[in-house]
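Read the structure below first, then the notes.
The values are calculated or read from the model by the stated rules, or taken from the named source; none is laboratory data. Predicted model, so just to flag it, every value in this text is computed and none were measured. As a convention, Cβ positions derive from the backbone with ideal geometry for all residues, glycine included, and neighbour counts pool all protein chains shown. Heads up: the accessible areas ignore ligands, DNA and RNA and are worked out on the full protein's heavy atoms, side chains in. Shrake-Rupley method; radii C 1.70, N 1.55, O 1.52, S 1.80 Å.
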Amino acid sequence: MTLAERLRGQLSETSSHVPLYRGDDVMVTESALVPAAVLIAVTDRADPGVLLTLRNSQLRKHPGQVAFPGGRIDPGDDGAIGAALREAEEEIGLQPSQVDVIGLIDSYRTVTGYLITPVIAVVRPDLTLNPQADEVEAIFEPPLARLLDVSNYVERETEWNGSQRRFREMMWNEYRIWGATASMLANLASRIGPWR
């Protein structure tokens, strides 16, 4: 069974689940949130990984944070999938023809007012990727098995805009994976379970 077949099967088997994390508490209705999409690109190797980026430390929003390639869904995009593919091409040079889209998982609300739809996909390993330096400082690939093991995440709490906010985080090498990225990975884990 190929990696793509395995992921498709596991996603379809759990289609009636309850997501672990719907997102941050936000003060607007879901319909007022800005639609966005990210690409969770799983590398097709014996021990699959997931392509993550380290955002440029000079960006105005979320500088120096770990994220999936992605962004706002523009009017010209073909929905969440089109936006995720466009953003991955712009940010890391991943060509849409190199992506095998598997499906979508639960949307996630961010405290900054976005409703993010994660798009799960499989890509060949060792592609030549070119980070767009204005947005991305680094591309790295932690193992899928580590990211899907929810015991690797720690619950934290911090004060943000005058109230307490809970979030998840994990470390992989020097990278801190936390917030919305960690929660979307935990939601993926709830859909497909531990990776063995």
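Some observations on this one:
- Hey, V42 of a type outside the set (K, R), over 20 Å from E135 (Cα atoms) and part of a strand (DSSP E or B) or not: yes
- Within the stretch 6-51, tally of residues that are surrounded by fewer than 19 Cβ atoms within 10 Å (Cβ to Cβ), under 15 Å from D100 (Cα atoms) and modelled with pLDDT of 95 or more: 2
- Scanning the stretch 150-172 for residues that are part of a strand (DSSP E or B) and open to solvent by 80 Å² or more (accessible area, probe 1.4 Å) yields E155, R156, E157, E159, W160, Q164, R166, M171.
- Yes/no for A121 being buried (at least 20 other Cβ atoms within 10 Å of the Cβ), farther than 30 Å from R196 by Cα and at pLDDT 95 or above: no
- Residue in the stretch 66-88 that is in a helix (DSSP H, G or I) and either closer than 15 Å to T181 by Cα or touching a Cys at 6+ places or on another chain (Cβ under 6 Å) (or both) present: yes
- Which listed residue is at pLDDT 95 or above, surrounded by fewer than 18 Cβ atoms within 10 Å (Cβ to Cβ) and among the hydroxyl-bearing types (S, T, Y), from S97, S57: S97
- Failed item in (1) under 24 Å from R8 (Cβ atoms); (2) out of contact with any Lys or Arg (no Cβ under 8 Å at 6 or more places or on another chain); (3) touching a residue at least 24 places away in the same chain (Cβ under 8 Å), with S57 passing the rest: (1)
- Tally, over the stretch 100-110, of residues that are open to solvent by less than 50 Å² (accessible area, probe 1.4 Å) and part of a strand (DSSP E or B): 5
- Residue that is farthest from T181 (Cα to Cα), among those in the stretch 133-149 that are open to solvent by 80 Å² or more (accessible area, probe 1.4 Å) and outside any strand (DSSP E or B): D134
- Within the stretch 173-189, the set of residues being open to solvent by 60 Å² or more (accessible area, probe 1.4 Å) and in contact (Cβ under 8 Å) with a residue 60 or more places away in the chain comprises R176 only.
- Residue check for D134: farther than 25 Å from R86 by Cα and either modelled with pLDDT of 90 or more or not hydrophobic (A, V, I, L, M, F, W, C) (or both): no
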